[in-house]
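Undergrad: Got a structure for you, written out below as structure tokens; questions coming shortly.
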Amino acid sequence: MIENIYLVMLLLFTAGILLPILTNSSPKVTNILSHGLSVLGCLAIVACSVEVFIAGGVTFTYAMGLPVGSLIIRIDNLAAFFLLALGVVGTAASIYALGYSREFYKQRLALMAALYNCFILSMALVLTVSQVAYFLIAWELMTVVSFFLVNHEYEKTANTRAAYKYILMTTLGTVFITTALLILSMSVHSLDFQILKGASLTNAMRNIVFFCALIGFGTKAGVIPLHIWLPEAHPAAPSHVSALMSGIMIKTAIYGLCRFFLEFLGVGPAWWGGVVLFLAIISSVLGVLYALMQHDLKRLLAYHSVENIGIILLGIGAGMVFMSTNQPVLAGLAFVAGLYHVFNHAVFKSLLFLGAGSVLYATHTKDIEHLGGLIKKMPYTAVFFLTGAAAISALPPLNGFVSEWLTYQSLFYLPQAITGIIPRLGSVILIALLGLTGALAATCFVKAFGVTFLAKPRSKHAEQAQEVPGTMLTGMGLLSLMCLALGVWPQWMLNLLQAVVSQSAGLDVSGLFNNHWYAAAFNIPQAHGVIAMPVVVGMLVVGLIAAVLVYNFNGKPKNVEGETWTCGIIPTARMEYTATGFAQPVRRAFKVFLRTKDHVTADKTLNPYHGVKMKMTVGISYLIDSWLYQPVKKGILYLANRVKPLQSGNLQHYIGYVLLVTVVILILGVRW
């Protein structure tokens, strides 16, 4: 049954790749066919995932007639979980694309639609292929296809630069992934993932594999300091592609890390988890700080992907520490928290990118300084974007609250699992920094929503905006409902995650979530109690009652509608809070990390009796770029200039080079 569904999925996406090329002469037909097939393909992915959870995992093989062996497809609970996220987000994004793609009727729509279907198919293959060679082929296919999608509007220089930076960084990451897989494969003399579990390596080799996997998959995930491609590439891609890149593609790296940490390498030393936790908290804090400084709406969301990858890795890193200290129940809790946030982030971040795409569709700008007042022009889009903003800010009763709450709970028990004053102090600091991250995230989305949708329009584009087509609203509406369902009723997802985590050695989730459906926490021996959703709801109700009492204490004010009082002056958009002004307190508070650059220019050519016209330019410096990538760039250019004379254009010189290299190889070969 599952194999048949999988084959149907392959055929649907293959048709979605080929038919747009055949119907290129009719953009409308191309749009409906290609994205309609992608909707059906994503529904097939969902069906395949659900069937695995019901009937159990499966493995099937296709003889390919290649020297590297047969193609092995294995769909266990871990793969099914990530497939479910892909299917849900892919369905919503594909429905959305039916309306959004109208903007591309004259911009190579057939090519974009074919690549879009190929992109989803490549991600499905990455999650299901269980053989080293074919996994790397699927991984590179995903990278190359997404490269062309990022560079789809290649007329824009920024897009081309973003695409090449993306392909450079992810190719570097692939080198490390390949190294890790080859080391494991050579130790067991097999390319089958199932057999890689039995790899017997020395501690030194295990450490090498750990770092190779962390660097390789960390690059694709956008972990700081390997993130530099992400804020460039995600805004450049079409918005429904951005949703899939941020919501799903970077999660394939989390899938790869889970395969290594839970299967191939197994339980490792505690410092492995410490390294992951360190990178995670750095990514979380710097990611949200950089997001708060952005005025490009999609770039702002891209930096929040860096932040949320950090939150996911906080759960995974804590789980690795708990595994190494032989605390399987807490390890199970931590991994459940991290994986729950994988699904949650896939949903609400995709929703936000689709919302940003709707704003771009209606106003043709991503600069929030040129927006404003869109809640009256685009009320449904505003509601959906606000839902995503509340979810990513971890506000109850939406899904972001549940997974971040579970992450907090797992970190609260981290000091019990480790010894030494400094490690315990570090674990406490992790909790404080995660709290800071949540506060800054909420601040950022107050800015993003308020400046974009509230107050008065700041440009003609915003004044003339209209609500987006129904298919775009439908895609956003589906994801909004998922945000609510995963927050109000988390038990079904917790049950799925118990099935996922229970397959791994070193994790024990039996009885971990035995409360009623409304429970948002856990009951374990170490906790001695239950913190459930009714307690949280009760606190909110008490706070609401108190607020109502305070509100009514002085009597109900009379509501009178009118323009905002501005000392008799008619209010205009120039009087509103700007995104720059809103972020200024945070920019000043964290100027050590942001390295702010403020420049004020005074125009004194005007009449001095009417005042001086001032212009303020604000910028920040990115620490990782300044300290790491710029020195590397200068070093490469310096080395290139030094060896440039070797390229003389003289044939005799080139023959001499070949002869010299041949002699060196022969000498080394004889000595070996």
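Undergrad: Within segment 439-479, count every residue that is of a type in the set (D, E, K, R), assigned to a loop (DSSP other than H, G, I, E, B) and buried (at least 21 other Cβ atoms within 10 Å of the Cβ).
TA: 1
Undergrad: Regarding segment 276-291, can at least one residue be identified that is more than 17 Å from the chain's Cα centre (by Cα), of a type outside the set (Gly, Ala, Ser) and surrounded by fewer than 22 Cβ atoms within 10 Å (Cβ to Cβ)?
TA: Yes - at least one qualifying residue is present in segment 276-291.
Undergrad: Hey, another quick one. Please go through (1) assigned to a helix (DSSP H, G or I); (2) hydroxyl-bearing (Ser, Thr, Tyr); (3) more than 25 Å from residue 482 (Cα to Cα) for residue 365 and return the number of the only condition it doesn't satisfy.
TA: Just one mismatch for residue 365, condition (1).
Undergrad: Considering each of 484, 496 in turn, give the residue that is farther than 30 Å from residue 459 by Cβ, surrounded by fewer than 17 Cβ atoms within 10 Å (Cβ to Cβ) and modelled with pLDDT of 80 or more.
TA: 484
Undergrad: Take the conditions under 17 Å from residue 172 (Cβ atoms) and of a type in the set (Lys, Arg) and apply them to residue 220. Does it pass?
TA: So residue 220 passes the test.
Undergrad: Before we move on, is residue 319 under 25 Å from residue 290 (Cα atoms) and either of a type outside the set (D, E, K, R) or under 14 Å from the mean Cα position of the chain (by Cα) (or both)?
TA: No: the conditions fail for residue 319.
Undergrad: Which of (1) under 28 Å from residue 499 (Cα atoms); (2) surrounded by fewer than 24 Cβ atoms within 10 Å (Cβ to Cβ) is the odd one out, the single condition residue 345 does not satisfy?
TA: It fails just one condition, (2).
Undergrad: Based on this model, can you work out whether residue 105 counts as touching a His at 6+ places or on another chain (Cβ under 8 Å), in contact (Cβ under 8 Å) with a residue 60 or more places away in the chain and either on the phi < 0 side of the Ramachandran plot or small (Gly, Ala, Ser) (or both)?
TA: No: the conditions fail for residue 105.
Undergrad: Filter segment 568-594 down to residues that are surrounded by fewer than 10 Cβ atoms within 10 Å (Cβ to Cβ) and at pLDDT below 75 and give me whichever is farthest from residue 620 (Cα to Cα).
TA: Once the filter is applied, the top-ranked residue is 568.
Undergrad: Collect the residues in segment 278-320 that are under 18 Å from residue 347 (Cβ atoms) and of a type in the set (S, T, N, Q), keeping them in residue-number order.
TA: If the condition is that a residue be under 18 Å from residue 347 (Cβ atoms) and of a type in the set (S, T, N, Q), then 305, 308 are the ones that fit.
Undergrad: Give just the number: which of (1) acidic (Asp, Glu); (2) in a helix (DSSP H, G or I); (3) modelled with pLDDT under 80 does residue 625 not satisfy?
TA: Only one criterion in (1) acidic (Asp, Glu); (2) in a helix (DSSP H, G or I); (3) modelled with pLDDT under 80 is unmet by residue 625, namely (3).
Undergrad: From 73, 45, 32, grab the single residue that is under 23 Å from residue 496 (Cα atoms) and surrounded by fewer than 24 Cβ atoms within 10 Å (Cβ to Cβ).
TA: Just a single option satisfies the conditions, and that option is 73.
Undergrad: Still on this structure, please answer the following. Among 297, 339, 354, 371, which is over 16 Å from the mean Cα position of the chain (by Cα) and either surrounded by 24 or more Cβ atoms within 10 Å (Cβ to Cβ) or β-branched (Val, Ile, Thr) (or both)?
TA: Exactly one residue qualifies, and that residue is 371.
Undergrad: What are the pairs with Cβ atoms under 8 angstrom where one residue, in segment 326-341, is within 17 Å of residue 505 (Cα to Cα) and the other, located anywhere, is among the acidic types (Asp, Glu) and surrounded by fewer than 24 Cβ atoms within 10 Å (Cβ to Cβ)? Sequence gap at least six, or different chains.
TA: Sorted first by the residue in segment 326-341, then by its partner, the pairs are 328/508; 329/508; 331/508; 332/508.
Undergrad: Is it true that residue 51 is acidic (Asp, Glu), closer than 24 Å to residue 145 by Cβ and touching a residue at least 12 places away in the same chain (Cβ under 8 Å)?
TA: no
Undergrad: I would also like to ask the following. Identify the single condition in (1) over 19 Å from residue 177 (Cα atoms); (2) at pLDDT below 95 that residue 312 does not satisfy, given that it satisfies every other one.
TA: (2)
Undergrad: From 288, 223, 276, which residue is closer than 26 Å to residue 629 by Cβ, among the β-branched types (Val, Ile, Thr) and touching a Cys at 6+ places or on another chain (Cβ under 7 Å)?
TA: Just a single option satisfies the conditions, and that option is 288.
Undergrad: Quick one: in segment 123-155, of everything that is in a helix (DSSP H, G or I), small (Gly, Ala, Ser) and touching a residue at least 24 places away in the same chain (Cβ under 8 Å), which residue is nearest to residue 84 (Cα to Cα)?
TA: 124
Undergrad: Same structure again: Does residue 11 meet the test of being part of a helix (DSSP H, G or I) and free of Cβ contacts under 8 Å to residues at least 60 places away in the same chain?
TA: So residue 11 fits the description; yes.
Undergrad: Shifting gears a bit: Could you tell me which of the residues 224, 228, 254 is β-branched (Val, Ile, Thr) and modelled with pLDDT of 95 or more?
TA: 254
Undergrad: List every residue pair whose Cβ atoms sit under 6 Å apart, with the two residues 6 or more apart in sequence or on different chains, where the first one lies in segment 454-471 and is within 18 Å of residue 366 (Cβ to Cβ) and the second, anywhere, is of a type in the set (D, E, K, R) and surrounded by fewer than 16 Cβ atoms within 10 Å (Cβ to Cβ).
TA: Taking only residues 6 or more apart or on different chains, the pairs are 457/463.
Undergrad: Of the residues that make up segment 378-396, is at least one under 17 Å from residue 458 (Cα atoms), crowded, with 24+ Cβ neighbours inside 10 Å and touching a residue at least 60 places away in the same chain (Cβ under 8 Å)?
TA: The answer is yes; a qualifying residue exists.
Undergrad: Since residue 386 meets every condition but one in (1) under 21 Å from residue 491 (Cα atoms); (2) of a type outside the set (Asp, Glu); (3) not in a loop (DSSP other than H, G, I, E, B), which condition does it not meet?
TA: (1)
Undergrad: Residue check, residue 422 against (1) of a type in the set (Val, Ile, Thr); (2) buried (at least 17 other Cβ atoms within 10 Å of the Cβ); (3) in a helix (DSSP H, G or I), all met but one. Which one?
TA: Going through the list (1) of a type in the set (Val, Ile, Thr); (2) buried (at least 17 other Cβ atoms within 10 Å of the Cβ); (3) in a helix (DSSP H, G or I), residue 422 breaks only (2).
The values are calculated or read from the model by the stated rules, or taken from the named source; none is laboratory data. Remember, it's a predicted structure, so these values are computed and weren't measured experimentally. We place every Cβ from the backbone using ideal geometry, glycine too, and count neighbours over all the protein chains shown.
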